[in-house]
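To start, I am sharing the structure in question, which I have written as structure tokens.
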Amino acid sequence: MRNNKINIVLISSLAIVSMVFYLFFNLGNSWEFALYYRGMKLAAILVVSCSVAYSTVSFQTLTTNRILTPSIMGFESVFMLLQTLLVFIYASESFKVVNNLENFLLSIVCMIGFAFLLYMLIYRKGVSNMYLLLLIGLVLGILLNTLSSFLQLLIDPNNFFIVQGKMFASFSNINQDLLGYALFILGITVLLSFRYIKRLDILALGREQAINLGLNYNKNIRLFLVVIAVLVSVSTALAGPVLFLGLLVSNLTYEILNTYKHEIIIPVCALVTAVVLVGGQFLTEYIFELSIPIGTIINFIGGIYFVYLLIRRKKL
Amino acid sequence: MIRTLQKVSYKILMNASTGAVGASLIKNKKLLRRGLLTALLLVSSVVSLFVGVADISVYDAFTGDAEKLFLISASRFPRTISLVLAGIGMSTSGLIMQQLTRNKFVSPTTAGSLDAAQLGLLLALILLPSAGTFMKGGFAFVFTFAASLVFLRIVDSIRIRNVIFVPLVGLMFGAILNSVATFFAVNLNIVQDVNAWMMADFSGVLSGKYEMIYFSLPAVAITYFYANKFTLIGMGEDFAKNLGLNYRFVMNLGLFCVSLTLSAIVLTAGAIPFLGLVVPNLVTMMYGDNIKKVLPEIALFGAAFLLICDIIGRLIIYPFEIPIGLMVGIIGGAIFLIMLLRRR
């Protein structure tokens, strides 16, 4: 327990230090503009951190598995197909036809709609196997991806860069209005669901134990699946796909903390995510000089970490 | 379609051979089944030879119009033969992978093998831009083999004996290899080109550029001769060893065949999703798991399936083409989803 406290203090101070450092590093002459601009990016990073941490940790608890992430259910494929379709239909006019805000809301609606279709498909069948849900989501995701890649082949190479810009998470041009909406949705979701957070501690024990302890298993699973769908959609629509970020940060958090209480794990995981994202953003801006989007760096590192997890673990 | 064919053939046989001894009935039935599948494959091959933008009829092939004969020998024939070989190769390697991992849902798509082959190809293109086809194929082969080894190790360490969990991890594994490839592609600004190479498409198959695909033939031959041993592997390590099988050797041989076939196909045409998953499952569902017995059916059916998909893709938006990766991806993916949902 004592160790936990020290670690929490350490990670919190690390998060604060890295954020302050990011804000004030090499400010330059027009410091007002720089501060405002960096503040926006930082706010977006925080929103994404909270969404990713909350959704990934609760998802891993529902599936009682630490090597899964909600992104694999096909959300990001829906997002990419939508973006590809927009550019495919309207070409370079797509910015005029669908503005940023409309695009943001449309993406969220599509992703949440997809999630609900998926859940209904499974529950109508009376199947309550979580892994089946995931595999079906994943296969649907591959189908949509194939469709997107086909459309991307047909897009003019100049316009393809619009699509490519959406393919990887980036915090470099965050829109103020979108940030407000994202913050609003995130706030509502967290406020409504956080009082049920202790139920995750019970769900983590597995289906039989949870039912034995008097929990309405299916109802709670559905509740958190909805929360996950909303949060993943918000973070994807705001910053773009971050496939392996959740995997990386949740497992780092489990290494740091020695507890099963989700009310501690989730906030700490959000802090870890913030540290990773701020660090990644710093790398893209000052080391790679914006030549590589942060999403590819995170996927690269997160992916290698995942392989390491798979190989190192004796049991999965 | 096969099911109706089978029903029809069964009925014919039942009518024709009432009173015949059981053994010969089964043998006849098997022969008829194979005959029908072969006929299907032959018909679709012939159709594939004569479907396309340039108007070539069967009649032209015999009158000896030099230009049309050239088209057939330079494009149509290589395309048809590589479709057949790719169909056979993908479905047999799917079958072997399912035996080696003892999981019906494992296939080149759901074990990361296709992504590994792609990553290998991409790295060959980046590191050795002037490398020949052979060198690139070698890269793809090494990567596929290594990825298969890693995947087998992962499967071994999975303690949850959930059939669904294994392909799930395999797909994640594939996504990782893919994201590594994307990382390099983004750096070099070739994301769209890489997408274009990777989408399986046989329209670029021309004589002089497709011969690597013949490398899949020896692999398929080995698979046939070792079929019984792969059946044993499918019964579990202890059981197989108990029967005197050199488990490690047969396992590595299987991986070798799979990697050789896959890298040859990916190099020639690109990644064909779901084929290796759907065909072996459909066939073994009907005819059982004795590999030596069902291997011919799987090969014939896989080839015919791929050919028919390609012909449809050529006709739908004629005179343009839908790449076969998309056609098979959609049809195969739909079949896989139905299989998953109907599974009890």
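The values are calculated or read from the model by the stated rules, or taken from the named source; none is laboratory data. All figures in this text were calculated on a predicted structure; none of them were measured in a lab. Here Cβ is always computed from backbone atoms with ideal geometry, including for glycine, and neighbour counts include all displayed protein chains.
Taking region A:144-179 as the region of interest, how many residues are over 22 Å from B:F274 (Cβ atoms) and of a type in the set (S, T, Y)?
2
Name the residue that is nearest to A:L309 (Cα to Cα), counting only residues in region A:28-64 that are surrounded by 17 or more Cβ atoms within 10 Å (Cβ to Cβ) and charged (D, E, K, R).
A:K41
For region B:63-105, give me each residue that is closer than 25 Å to B:A147 by Cβ, among the hydrophobic types (A, V, I, L, M, F, W, C) and modelled with pLDDT under 90.
Passing the criteria: B:L100, B:F105.
Taking only region A:176-195 into account, find how many residues are among the aromatic types (F, W, Y) and modelled with pLDDT under 90.
So the answer is 1.
Out of the residues in region B:250-274 that are in a helix (DSSP H, G or I) and among the β-branched types (V, I, T), which is nearest to B:Y210 (Cα to Cα)?
The residue in question is B:T268.
Using the structure shown, decide if A:L215 is touching a residue at least 12 places away in the same chain (Cβ under 8 Å), within 14 Å of chain B (Cβ to nearest Cβ) and either not small (G, A, S) or not in a helix (DSSP H, G or I) (or both).
no
Residues that are assigned to a helix (DSSP H, G or I) and at pLDDT 85 or above: does region B:151-165 have at least one?
Checked region B:151-165: at least one residue is assigned to a helix (DSSP H, G or I) and at pLDDT 85 or above.
Could you list, in sequence order, the residues of region B:300-337 that are of a type outside the set (D, E) and over 20 Å from the mean Cα position of the chain (by Cα)?
B:L315, B:I316, B:I317, B:Y318, B:P319, B:F320
List the helices (runs of 4 or more DSSP H) inside region A:87-188, counting only whole elements, that have at least 3 residues being within 24 Å of B:T182 (Cα to Cα) and within 14 Å of another protein chain (Cβ to nearest Cβ).
A:130-154, A:157-167
If we only count helices (runs of 4 or more DSSP H) wholly inside region B:23-123, which ones have 2 or more residues that are touching a residue at least 24 places away in the same chain (Cβ under 8 Å) and under 21 Å from B:V166 (Cβ atoms)?
Here the list reads B:77-101.
Here's another thing I want to ask about it. Taking A:I72, is it β-branched (V, I, T) and in contact (Cβ under 8 Å) with a residue 12 or more places away in the chain?
yes
If we keep just the residues of region A:65-77 that are within 9 Å of chain B (Cβ to nearest Cβ) and assigned to a loop (DSSP other than H, G, I, E, B), which is surrounded by the fewest Cβ atoms within 10 Å (Cβ to Cβ)?
Looking at residues that are within 9 Å of chain B (Cβ to nearest Cβ) and assigned to a loop (DSSP other than H, G, I, E, B), I get A:N65.
Identify the single condition in (1) without any contact (Cβ under 8 Å) to a residue 12 or more places away in the chain; (2) surrounded by fewer than 18 Cβ atoms within 10 Å (Cβ to Cβ) that A:L283 does not satisfy, given that it satisfies every other one.
(1)
For A:V272, all conditions in the list (1) out of contact with any helix residue (DSSP H, G or I) (no Cβ under 6 Å at 6 or more places or on another chain); (2) closer than 22 Å to A:V20 by Cα hold save one; what is the number of the exception?
Checking A:V272 against (1) out of contact with any helix residue (DSSP H, G or I) (no Cβ under 6 Å at 6 or more places or on another chain); (2) closer than 22 Å to A:V20 by Cα, the one that fails is (1).
Right, A:V48: more than 14 Å from chain B (Cβ to nearest Cβ), touching a residue at least 40 places away in the same chain (Cβ under 8 Å) and among the aliphatic types (A, V, I, L, M) or not?
yes
Now, a different point. Kindly check whether there is at least one residue in region A:205-214 that is in contact with a Leu (Cβ under 6 Å, 6 or more places away or on another chain) and of a type in the set (A, V, I, L, M).
yes
Only one of B:A140, B:A147 is aliphatic (A, V, I, L, M), within 14 Å of another protein chain (Cβ to nearest Cβ) and buried (at least 19 other Cβ atoms within 10 Å of the Cβ). Can you tell me which?
B:A147 is the lone residue from the list that is aliphatic (A, V, I, L, M), within 14 Å of another protein chain (Cβ to nearest Cβ) and buried (at least 19 other Cβ atoms within 10 Å of the Cβ).
In the set B:N178, B:N162, B:N189, which member is within 11 Å of chain A (Cβ to nearest Cβ) and on the phi > 0 side of the Ramachandran plot?
B:N189
Scan region B:102-117 and give yes if some residue there is more than 14 Å from chain A (Cβ to nearest Cβ) and under 24 Å from A:N299 (Cβ atoms), otherwise no.
Checked against the condition, which is being more than 14 Å from chain A (Cβ to nearest Cβ) and under 24 Å from A:N299 (Cβ atoms), region B:102-117 yields at least one hit.
Counting only residues that are of a type outside the set (D, E) and either surrounded by fewer than 19 Cβ atoms within 10 Å (Cβ to Cβ) or touching a Gly at 6+ places or on another chain (Cβ under 6 Å) (or both), how many does region A:99-111 have?
Residues in region A:99-111 being of a type outside the set (D, E) and either surrounded by fewer than 19 Cβ atoms within 10 Å (Cβ to Cβ) or touching a Gly at 6+ places or on another chain (Cβ under 6 Å) (or both): 7 in total.
May I ask you to say which residue of A:L133, A:L118, A:L105, A:L81 is closer than 17 Å to A:Q164 by Cβ and either touching a helix residue (DSSP H, G or I) at 6+ places or on another chain (Cβ under 6 Å) or at pLDDT 85 or above (or both)?
Exactly one residue qualifies, and that residue is A:L81.
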